[in-house]
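Encoded as structure tokens, the structure appears first; notes follow it.
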Amino acid sequence: MDYRGYSYWLEDAGEDLTPRAALQRSEDVDVAILGGGYSGLWTAYYLLCQQPSLKVAIVEKEIVGYGGSGRNGGWCSPRFPVSAGLLQKRYGVDAARAQLLAVQAAVDEIRRVCEEELIDARFRASGTLTLARSAYQLAAIRSSYAAYDRLGMADRFKLLTPEEAEERIHVTRVHGALYSPDGASLHPGRLVRGLARVVERRGGVIYEQTAVDAFKGGSNARLITRGGELRAKKAIILAGEAYLTRFRKLHRSVLPVYSLICLTEPLSMAQWERIGWLQGENVASARNNVVYLTKTADGRILFGSRGAPYAFASRISDEQDRNHETVGLIQRSVLDWFPSLGGITFTHAWGGPVAMPMDWMPSVRFSPDTRLGFIGGYTGQGVSTSNMGGRLLAGLVTGTSTGLKELPLAQRKSPAWIPEPLRWVVVRYMQQSLLRIDEATEAGRHKPADAFIAEFLGKH
């Protein structure tokens with residue numbers, strides 16, 4: 001398998017991606033981790049920092065970074081999957097503020113680790129700019145600002161007029177924007193591959209091309225593979241994100257929702273002058289089907305958006321990674337945002353599933369009784385949240401104080417998704433309805449008559 005074809009980030013990771021050896025015999029370890037992405041690697045890293053004598057092993061079905069950690073949009077963002085307003089509604093002002101500040105601090109922590117461990121992740125503090133391209137979206141960013149104000153965090157945000165937004169980036173039909181200096185961009189492939197090497201330097205072991213067929217908790221906790229078992233004295237950690245749905249007992253724990261990305265060729269200086277974007281902020285829109293952009297280190301535009309339609313029974317497949325209809329829509333959207341780029345060439349297109357819990361709320365939990373731990377459910381906001389979650393989970397396993405165990409995402413479990421076929425009907429309806437709302441409001445039309453149904457479901 002040529003893993004370089006799964007994303008530009010893996011292609012440009014600076015190594016040949018030769019798989020590590022697979023697990024070939026049973027072993028006894030202290031902690032066994034399923035999943036070689038950010039969640040599993042950050043958990044392993046902090047376990048080994050907190051207790052260097054631990055024997056930690058990671059098993060990955062493909063290679064490190066195969067999943068979302070090697071395919072995302074390159075944001076290292078303080079954004080959280082649940083909005084500031086909804087966090088406050090669910091957990092109160094103090095807990096909501098603490099959660100958002102913890103994710104914000106994770107951005108700085110990732111920078112610190114990259115510097116100290118010599119990971120060339122091309123980390124660049126860039127800030128975050130959310131554009132409103134309709135009156136409907138303008139109301140949304142004003143509501144977001146008001147929520148941050150209620151939490152005492154408005155000093156980290158500024159509402160921009162259309163003219164102020166234009167000074168930062170030249171995009172069509174901008175009604176206003178919300179800017180924050182917080183947030184960074186990075187090279188996801190180099191971060192995940194570099195972090196794996198750091199874990200190995202600290203004594204961790206990583207087995208690749210090793211599929212886990214089953215897992216068991218309790219006094220005989222173990223991961224079961226065809227090559228052998230990893231018997232864990234302290235903990236089994238499930239860090240497989242959307243891919244955990246392939247286990248029957250976890251099938252409804254999260255929903256695999258696809259996000260797709262297109263990448264342009266490097267732009268010329270003349271093209272950049274027409275676009276602006278001199279500060280290289282992470283850029284998004286406030287539409288329901290969120291659009292996100294990154295200016296890459298080599299001068300390309302990364303444009304990400306919604307992915308393939310939800311597949312019955314939460315099916316995950318390579319075919320969904322490059323849904324032709326969605327790829328075409330994304331490429332047309334680039335030109336809608338930047339008409340001056342007519343004739344631009346797109347060099348890469350890729351995608352992958354992200355894990356969406358029923359309540360959109362990530363979870364980090366560990367039970368000493370069952371020895372089972374879980375981390376994930378980021379709904380596409382996993383780069384920074386996984387770092388925070390890995391520190392928290394490592395502390396729960398070792399009993400080390402991290403200052404994170406009182407956060408809302410700690411020691412919790414989201415409701416299970418509804419069974420099929422109702423799940424397929426509801427999710428497809430939501431995907432189509434939110435897209436119709438975006439298309440109508442961006443064209444200056446009224447929202448569809450059934451918009452209130454989708455908006456209600458999307459907030460609960």
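Data table
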quantity: Modelled label reach - Phe247, point 7 Å along Cα→Cβ, region 408-432 residues with backbone N closer than 11 Å; calculated: none
quantity: Relative contact order (%) - criterion: Cα under 8 Å, at least six apart; region: region 116-251; calculated: 24 percent
quantity: Mean separation of Cα contacts under 8 Å (6+ apart) over length of the chain, as relative contact order %; calculated: 22 percent
quantity: Percent of Cα pairs exceeding the 22 Å cut-off, where the set is region 264-377; calculated: 48 percent
quantity: Spin-label pair Arg315/Leu435, simplified geometry with 7 Å Cα→Cβ offset, distance in nm; calculated: 1.7 nm
quantity: Directionally averaged projected area (convex hull, Cα atoms, the chain), nm²; calculated: 20.3 nm²
quantity: Local net charge near Thr441, Cβ-Cβ under 13 Å (Lys/Arg +1, Asp/Glu -1); calculated: +2
quantity: Directionally averaged projected area (convex hull, Cα atoms, region 325-460), nm²; calculated: 12.3 nm²
quantity: Extension gain (nm, one decimal) between Glu420 and Thr370, 0.36 nm per residue minus Cα-Cα; calculated: 15.1 nm
quantity: Excluding exposed DSSP-loop GluC sites (Glu not before Pro) (at most 13 other C-beta within 10 Å), longest clean stretch of the chain; calculated: 16-405
quantity: Region 49-66 residues near the modelled Arg226 label - backbone nitrogen below 18 Å, point 7 Å along Cα→Cβ; calculated: 59-63
quantity: Over region 304-368: Rg over Rh, Cα atoms, Kirkwood Rh; calculated: 1.13
quantity: Label-point separation in nm, Asp2 to His446, each point 7 Å along Cα→Cβ; calculated: 5.3 nm
quantity: Net charge dipole size for the chain [Lys, Arg +1 and Asp, Glu -1 on Cβ; Debye, nearest 20]; calculated: 1340 debye
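Coordinate-derived values only; no laboratory data. Here the structure is a predicted model, which is why all the values come from computation and not from measurement. A quick note on method: Cβ atoms are made from the backbone with ideal geometry, for glycine too, and the neighbour counts reach across all protein chains shown.
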